[in-house]
Structure formats: C-alpha cells, structure tokens
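These notes are about the structure you will find just below.
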Amino acid sequence: MPTPQPASAPRFGIALLRVSTDKQFQEGESIETQRRKVEFVARRERIDIVRFFIEHYSGRKSDRRILDELFDFLADNRDIDAVIVGDIDRFTRGGTEIYLALKRRLRELNVRLVDTTGIIQPERNRLEHLGVEYQWAIESPSHYAEIFMAEKARAEASDILTRTIGQQIQLTRDGYQCRSANFGYRNLKITTDDGKKKTIMVPHEVEGPWIVRMFELKAEPAVRTSPGPDARARGCNP
C-alpha cells in the first residue's frame, strides 16, 4: 500500500477591504464587491480568512489607523500567511514608495500580499538551484507590474482630485457652496439659468436668528452699573 501523504498545513489569511470617504473613488468597488472577490480567491488558494479589516478612508493617506491595527494583528498572530486585497489601489494609493514600504513590512513578518486581480506573483530565490539564499537574490517576477499599478493608483487619485477640487474652487469663487453649511446657515439646491443644479447657503430658520442676536448684543453699549450705598460705605470707588 502506498504511504499516505501528510496533510498540508492549514493556511490562514486576513483581508483588507477599503473604500474612500471621497465618493469619486468608490464607484464599482463597494465593500461587498471586494468581499466577494477576496472570498473567491481565498477558496481558490485554500486560504482560511480569519479576519476582515474594513476601512473607510482615503488610500492616499499614510496615517491609516486600520493599517496600524492590521500590522499589530500580524505581529501577534504569526501563523498568518497572507493579506488579501481586491487590488493594489485598495492597499494604497500612495505610489511606489509607500507601496514598497508596506510590502517590505509584510515580508519582515513572513506574510505575502495577494490581490484578486492576479498582478502580484510569489517571490522567488534566483539562487535556489544552488541551495543558497541571499536577500539580494530574492525577487518578485511581477515587480515592475506592481510598480506600474502602484503609480497608476497614485496618478488616478491625483487626476480625480485635480478635477474635483479645481471645480469646487471655481464654484466657491462664483458664490456657490460645495461643503456643509456654516453654522447659522443651511444649504439650498437651486437651478441656475443654464439648467444646472447648484448649492447656495441661506439663513437657517433656527440658528440664523441666534447669530443676528449675538451681533446685536455685541453692538449694544455696555451698561454701567453704579455701586449701591453699601459699596460706597465700604469706600469702593465707582
């Protein structure tokens, strides 16, 4: 009888699902869409996902609390083999430098990064045929593809922000409102002469009179109170 082969060790992973707080970055990449893609890849790779990290934050930022929690979790759970993301831009939109720094941190924890699009390939030892290993001999066959996607994610973020922020600046200069209303006002949608929907601020029915009254009180002359007879008896100056 053939000798039974030992079962392969279980493989565990975690997943990072991220959507930006900016609506222009969210189209087609909802949390649920990313979850379905990640779970499919995990089943295919026979990885048991033990935790999902869900982030509603811009991938351009470097101070991401969820990423800190993710790395703390990996440091405390050294049996995790992989971090699965929907795409490189879900991991970061910070460009090449930030992407490589984050991936280096994963490597130091012996954790590989897996994306559902299949861009990222496992690293290999170029001296494996000689039975030796040096850090400089470890390479990723997909290194340049990963760099391209990391820069593409950064450039897309920059392009979108250039268009949207530029438009907001122009609207503000034209007298329209692009953010939440200031205290004492509320936003009102109007239709301009060219048929476009835009937002202006109008006085708030409740808060508005408060602001008016505060300025009225500030404009009123201060009322000087004369000291009473007891105060004069004690020698208090008026």
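The values are calculated or read from the model by the stated rules, or taken from the named source; none is laboratory data. Just so you know, these numbers come straight off a predicted model, no measurement behind them. Cβ coordinates were reconstructed from backbone atoms using ideal geometry, including for glycine residues, and neighbour counts include every protein chain displayed.
Scan region 55-65 and tell me whether some residue there is surrounded by fewer than 13 Cβ atoms within 10 Å (Cβ to Cβ) and either within 16 Å of Arg112 (Cα to Cα) or without any contact (Cβ under 8 Å) to a residue 12 or more places away in the chain (or both). Working first, answer last.
Here is the first cut: in region 55-65, the residues surrounded by fewer than 13 Cβ atoms within 10 Å (Cβ to Cβ) are 56, 62-63, 65.
When the remaining residues are screened for being either within 16 Å of Arg112 (Cα to Cα) or without any contact (Cβ under 8 Å) to a residue 12 or more places away in the chain (or both), the result is 63, 65.
Yes, some residue in region 55-65 is surrounded by fewer than 13 Cβ atoms within 10 Å (Cβ to Cβ) and either within 16 Å of Arg112 (Cα to Cα) or without any contact (Cβ under 8 Å) to a residue 12 or more places away in the chain (or both).
Within region 201-230, the set of residues being at pLDDT 90 or above and not in a helix (DSSP H, G or I) comprises Met201, Val202, Pro203, His204, Glu205, Val206.
If you check Val85, Val114 for being in contact with a Phe, Trp or Tyr (Cβ under 6 Å, 6 or more places away or on another chain), buried (at least 18 other Cβ atoms within 10 Å of the Cβ) and closer than 21 Å to Glu29 by Cα, only one passes: Val85.
Out of curiosity, is Leu102 in the same structural domain as Ile47 (by TED's automatic domain parsing) and surrounded by 13 or more Cβ atoms within 10 Å (Cβ to Cβ)?
Details: in the same structural domain as Ile47 (by TED's automatic domain parsing): yes; surrounded by 13 or more Cβ atoms within 10 Å (Cβ to Cβ): yes.
The answer is yes for Leu102.
Within region 166-186, does at least one residue satisfy the condition of being closer than 30 Å to Gln121 by Cα, assigned to a helix (DSSP H, G or I) and outside the structural domain of Tyr99 (by TED's automatic domain parsing)? No, the conditions are met nowhere in region 166-186. Criterion first (of a type in the set (D, E, K, R) and either surrounded by 13 or more Cβ atoms within 10 Å (Cβ to Cβ) or more than 19 Å from the chain's Cα centre (by Cα) (or both)) does Asp159 satisfy it? Answer is no for this residue.
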